[in-house]
Amino acid sequence: MRFIEMKILYNFTYRLSGNSKVAEVLTEKALLIPEDNYNCSLLVKRAWEYFCQYYSSLDLQGQEPVQNYLLNLVPEERCAII
């Protein structure tokens, strides 16, 4: 896996959750697939599914005004914007 793909995945999960710890967990979970299946789109999709499954009901607090706005959206709308 290339570094740029990992950075894209982490940035996506951070924008989705607004929390660096949650972003780390989501990135790690998404990467727990066989390496020959690494595809940036697939990894982002898996991270989004994990977020919806485990974290979408949490009251997460963002660290920036834009992040706070994104966190007020439902996960589907947030993912579309990101």
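The values are calculated or read from the model by the stated rules, or taken from the named source; none is laboratory data. Please read these numbers as outputs of a predicted model, since none were measured by experiment. In this analysis, Cβ positions are derived from the backbone assuming ideal geometry, glycine residues included, and neighbour counts consider all displayed protein chains.
Which residue is modelled with the lowest pLDDT, if the candidates are limited to region 23-49 and must be surrounded by fewer than 16 Cβ atoms within 10 Å (Cβ to Cβ) and assigned to a loop (DSSP other than H, G, I, E, B)?
34
Against the definition (over 20 Å from residue 77 (Cα atoms), among the small types (Gly, Ala, Ser) and either at pLDDT 85 or above or out of contact with any Gly (no Cβ under 8 Å at 6 or more places or on another chain) (or both)), how does residue 20 come out, yes or no?
So residue 20 fits the description; yes.
Assuming residue 52 fulfils every condition listed in (1) at pLDDT 75 or above; (2) buried (at least 16 other Cβ atoms within 10 Å of the Cβ); (3) not aromatic (Phe, Trp, Tyr) apart from one, which condition is it?
With (1) at pLDDT 75 or above; (2) buried (at least 16 other Cβ atoms within 10 Å of the Cβ); (3) not aromatic (Phe, Trp, Tyr) applied to residue 52, the lone miss is (2).
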